[in-house]
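Right, one structure below, let's go through it.
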Amino acid sequence: MKIRMIGVLSVVLVASAIAVASAQSANENKMDTEAEYDQVLAFQREAGPVVEGTVMKYFHNEDQITETITDAERLKYKEQLDWYWDNDNLQVVVVVVKEDAKEMKAIRKELEEKLGSKVKFVKSKITQTTLEMYAMSNELTEFIFSTMPKIMYYQGGYYLDKQRIEIKGAFTDEQVQAIYAKFDKKLVNITKVDAPTGNSGPTAF
């Protein structure tokens with residue numbers, strides 16, 4: 001799992017002898033899960049401030065008051081890079097859009113010195129930035145909401161680790177074709193599913 005970790009434990013007891021063994025096994029699994037969660041949390045608490053502080057240092061003046069920074073200024077770094085957590089490998093993965101930018105070179109050097117193997121740099125597979133992909137995701141949502149039946153089930157969004165927009169919904173073949181006719185198939189992946197019972201319309205996340 002790349003972005004988040006969710007642990008689910010379930011034990012069904014069918015006999016006293018089995019119950020003891022099952023409970024013991026469940027407790028061991030629970031301890032393992034809690035230990036893994038604590039390890040991930042400790043890693044993110046350590047690496048998060050390092051990554052954010054290093055990135056911000058190269059895009060904001062030290063004497064710049066936080067309240068005066070606009071959203072565009074605050075997110076300026078996303079024109080060159082973005083990052084996500086790879087909890088399975090305890091790494092922060094930095095997706096690089098502009099490898100040759102002077103800020104990017106300085107950031108990479110500093111993060112590799114500070115975090116070593118805990119940081120991994122990968123070249124973006126697409127030319128679009130995170131902000132551009134978010135904008136495209138919003139445009140796609142608006143397209144679906146405005147042109148397709150309100151009873152349709154839909155959810156989706158942009159995934160940085162996959163570097164594409166993933167959507168799933170109760171689409172017809174014609175609706176899938178309409179989406180791909182408007183949006184690049186390399187940047188959008190559609191999964192057709194049945195609409196959940198009682199769903200009243202499309203949603204997005």
ask   = Restricting the search to the stretch 158-171, which residues are farther than 19 Å from GLU79 by Cα and in contact with a helix residue (DSSP H, G or I) (Cβ under 9 Å, 6 or more places away or on another chain)?
value = ILE167, GLY169, PHE171
note = Sole miss for PHE171 among (1) crowded, with 18+ Cβ neighbours inside 10 Å; (2) touching a residue at least 24 places away in the same chain (Cβ under 8 Å) is condition (2)
inquiry  = Residues that are exposed (fewer than 15 other Cβ atoms within 10 Å of the Cβ), over 21 Å from the mean Cα position of the chain (by Cα) and among the hydroxyl-bearing types (Ser, Thr, Tyr): does the stretch 120-128 have at least one?
reply    = no
remark   = If we ask which residues in the stretch 150-159 are surrounded by fewer than 17 Cβ atoms within 10 Å (Cβ to Cβ) and under 28 Å from VAL94 (Cβ atoms), their number turns out to be 3
query = Does LYS76 satisfy the condition of being under 21 Å from GLY48 (Cβ atoms), modelled with pLDDT under 90 and surrounded by 15 or more Cβ atoms within 10 Å (Cβ to Cβ)?
reply = yes
inquiry  = Suppose we filter ASP86, ASP38, ASP82 for residues that are at pLDDT 50 or above, surrounded by 10 or more Cβ atoms within 10 Å (Cβ to Cβ) and touching an Asp or Glu at 6+ places or on another chain (Cβ under 8 Å); which single one remains?
reply    = ASP86
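The values are calculated or read from the model by the stated rules, or taken from the named source; none is laboratory data. Predicted model, so just to flag it, every value in this text is computed and none were measured. A quick note on method: Cβ atoms are made from the backbone with ideal geometry, for glycine too, and the neighbour counts reach across all protein chains shown.
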